[in-house]
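First comes the structure, then the notes that go with it.
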Amino acid sequence: MSTNTRGRRRTEDQTPNRARDVQRAFRARRAAHLESLEERIAELEQENGRLREMCGLPPASRPALGKGPTGR
């Protein structure tokens with residue numbers, strides 16, 4: 001197990017727990033969904049930038065990605 005993980009250390013002698021498995025699956029789905037949304041936002045912002053350039057509009061006046069709570 002990695003030393004930089006948070007929470008309790010996983011013990012291998014514990015029996016499988018359905019609630020724990022459900023929670024882990026939920027967290028994995030949520031992380032995957034967040035990752036896909038961040039990728040989609042990056043693609044849309046690139047497209048928006050290209051379209052603004054083609055139309056002769058100034059760049060969007062909003063902060064760059066990477067300043068939000070996800071750290072991206």
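The values are calculated or read from the model by the stated rules, or taken from the named source; none is laboratory data. Just so it is clear, the structure is predicted and the values come from calculations on it, not from any experiment. Cβ: placed from backbone, ideal geometry, glycine included. Neighbour counts: every protein chain shown. Surface accessibility is based on the protein's heavy atoms, side chains included, excluding ligands, DNA and RNA. Shrake-Rupley method; radii C 1.70, N 1.55, O 1.52, S 1.80 Å.
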Using a basic spin-label model with each label point 7 Å from the Cα along Cα→Cβ, how many nm lie between residue 21 and residue 40? 3.0 nm
Sorted list, accessible surface of protein heavy atoms, 1.4 Å probe, largest first, for 36, 61 is 61, 36
Excluding residue 52 itself, what net charge comes from residues whose Cβ is under 14 Å from its Cβ, given Lys and Arg +1 and Asp and Glu -1? -1
When all protein chains stay in place, what accessible area (Å², nearest 10, 1.4 Å probe) is found for residue 34? 80 Å²
